[in-house]
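The values are calculated or read from the model by the stated rules, or taken from the named source; none is laboratory data. It should be emphasised that the depicted structure is a prediction, and the values quoted were computed from it without experimental measurement. Virtual Cβ from ideal backbone geometry, glycine too; neighbours counted across all protein chains shown. Note: areas computed on protein heavy atoms with side chains; ligands, DNA, RNA excluded. Shrake-Rupley method; radii C 1.70, N 1.55, O 1.52, S 1.80 Å.
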Amino acid sequence: MEVLPARAERVLELGCGTGNLTLRLAAGYPEATITTVDASPEMTALTGHRAVDAGCAGRVVTKTARFEDLAFPAGSFDLVASCMSLHHVRDKAALYRDIAAWLSPGGVLRFADQFLGATPALQEGFWEGWLRHCRLRGHCTEEEIQSLLRHAAAHDHYVPLAEHFAMLRGAGFVAMDCSWRTLMYAVVTADR
């Protein structure tokens, strides 16, 4: 949460999943309206239920949609946030252009995701490190690892960090940075 702006009144979260980030955003911005989107109706339903339980349902709007199908008026949000979701998008450049349009002047994009290594050797090391982590006692079974690998091969579209920065710059973002990275996981910041 250290990279998030001090204030935001209109927040868009791309990929709510089980609602963990949604609830943290609601707690961190107690006056904000949070629009959260996920392609899975099960995830938006779960997030909606968790918002009710947390007492912030009046400020959380859930939408079931693919990010590529979203349409919002220009300047609708102060902050767009995402955690572990943008690697599912094939045409990231188009999404970044949309996000830039949806942000108000001075708005910011903050996201954590998985990134392709800049070289095949780096990427191989990233995968090996991830697999070592998964195989630690109590983390994942071999069956779960194989399922994750099949899912990644079928649904994930990883791009090197430098390419993300080029696409963000092309969409009109400035001050792009990587505030944290380990293996293929990183946190990216970009300002409008």
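So the values come out like this:
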item	result
Gap separating the Cα centres of the stretch 1-49 and the stretch 140-192, nearest whole Å	19 Å
Label point at Trp180 placed 7 Å out along Cα→Cβ; residues across the stretch 108-151 whose backbone nitrogen lies under 12 Å	111-113
Ordering of 116-124, 87-95, 148-156 by burial proxy (mean other Cβ atoms within 10 Å per residue, highest first)	87-95, 116-124, 148-156
Per residue accessible area in Å² of the stretch 35-192, where ligands, DNA and RNA are left out and the probe is 1.4 Å	52 Å²
Cα pair count fraction exceeding 15 Å, expressed as % - the stretch 17-73	42 percent
The stretch 64-184: radius of gyration and largest Cα-Cα distance (Dmax), Å	16.2, 48
The stretch 36-80, accessible surface, carbon-and-sulfur percent (1.4 angstrom probe)	56 percent
Distance in nm between pseudo-label sites at Asn20 and Leu131 (7 Å out along the Cβ direction from Cα)	2.4 nm
Dimensionless Rg/Rh of the stretch 1-153 - Kirkwood Rh, Rg from C-alpha atoms	1.01
Segments 44-53, 57-66 sorted - mean Cβ within 10 Å per residue, highest first	44-53, 57-66
Cut-off 20 Å, label 7 Å out along Cα→Cβ of Glu124, residues of the stretch 144-174 by amide N	149, 153, 158-161
